[in-house]
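Take a look at the structure set out below.
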């Protein structure tokens, strides 16, 4: 099974139709807010305020307190960059599909449940995982549609549904969609449906997230490393390191129910 990132699809043979977004190795505070580690992380310490008053930029260590971040799809191109963005500043738990510290099959809800029972409570869950199929509308089978819906769409939705039992107060979920949600192309109907569904889900779910928790979606553009792995011009994409900045904003910021275009944080 050939594996591709969506940015290469216009030049990919329609006979190779599986697109992988996460596994390629080459998204109301209570009265006890004073115990909420993420609320503390979003509150600038005195040194931060002083630095701002002096027109200086505080260091990363001054801006954020340590939180526990679970990264699903941590062995993928974007996932590895997200891991690097958080390492040294937060406690990072890496989860892959078939490798990494821990493994999960997001198509299997019971696999998600076992993973989160094992890992316990967390402050943030970031998903850069999910597969979809690319092909002409008339040629996509029922099995193709079921695969897309059960993997990238419901797989990530279930990370939130199951994760709500384990996320700490004021925590967050960040899922991954893609630009085809807003810029569709021929052969991408299944991908557009899944990506748009994830963005709509986050917008609606944000209205009823409990205990001050938040949910956002990151929409990555073409990724330079993926283009290069396909033998294409990487300069036409955005380096994974820069894509990762949108995930950092989702976790460390205060946004809720939003789709973050990774290009805006490059």
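Before we move on, is residue 158 in contact with a helix residue (DSSP H, G or I) (Cβ under 8 Å, 6 or more places away or on another chain), buried (at least 18 other Cβ atoms within 10 Å of the Cβ) and under 16 Å from residue 258 (Cα atoms)?
Answer is no for this residue.
Exactly one condition in (1) surrounded by fewer than 20 Cβ atoms within 10 Å (Cβ to Cβ); (2) in a helix (DSSP H, G or I); (3) within 20 Å of the chain's Cα centre (by Cα) is false for residue 143; which is it?
Residue 143 satisfies every listed condition except (3).
I want to confirm something. Restricting to segment 245-259 and keeping residues that are in a helix (DSSP H, G or I) and in contact with a strand residue (DSSP E or B) (Cβ under 9 Å, 6 or more places away or on another chain), which single residue is farthest from residue 178 (Cα to Cα)?
Just the residues of segment 245-259 that are in a helix (DSSP H, G or I), to begin with: 245-252.
Now restrict to residues that are in contact with a strand residue (DSSP E or B) (Cβ under 9 Å, 6 or more places away or on another chain): 246-247, 249-252.
Numbers: 246: 13, 247: 13, 249: 17, 250: 16, 251: 18, 252: 21 Å.
Applying the filter and picking the extreme gives 252.
Return a yes/no flag: does segment 236-250 have any residue that is surrounded by fewer than 17 Cβ atoms within 10 Å (Cβ to Cβ), more than 19 Å from residue 87 (Cα to Cα), modelled with pLDDT under 95 and in contact with a helix residue (DSSP H, G or I) (Cβ under 9 Å, 6 or more places away or on another chain).
Residues of segment 236-250 that are surrounded by fewer than 17 Cβ atoms within 10 Å (Cβ to Cβ), as a first pass: 236, 239, 241.
Those left that are additionally more than 19 Å from residue 87 (Cα to Cα): 236.
Okay, now just the ones that are also modelled with pLDDT under 95, so 236.
Of the ones still in play, those that are also in contact with a helix residue (DSSP H, G or I) (Cβ under 9 Å, 6 or more places away or on another chain) are 236.
Yes, segment 236-250 has at least one match.
Just the residues that are in contact with a helix residue (DSSP H, G or I) (Cβ under 6 Å, 6 or more places away or on another chain) and assigned to a loop (DSSP other than H, G, I, E, B), please, taken from segment 208-235.
220, 221, 222, 230
Could you list all residues from segment 62-117 that are in a helix (DSSP H, G or I) and under 16 Å from residue 162 (Cβ atoms)? Spell out the reasoning first.
The first filter runs over segment 62-117 and keeps only residues in a helix (DSSP H, G or I), leaving 62-63, 77-86, 109-117.
Within segment 62-117, 109, 110, 111, 112, 113, 114, 115, 116, 117 qualify.
The values are calculated or read from the model by the stated rules, or taken from the named source; none is laboratory data. All values reported here derive from a predicted model rather than from experimental measurement. All Cβ positions, glycine included, derive from the backbone under ideal geometry; neighbour counts span all protein chains shown.
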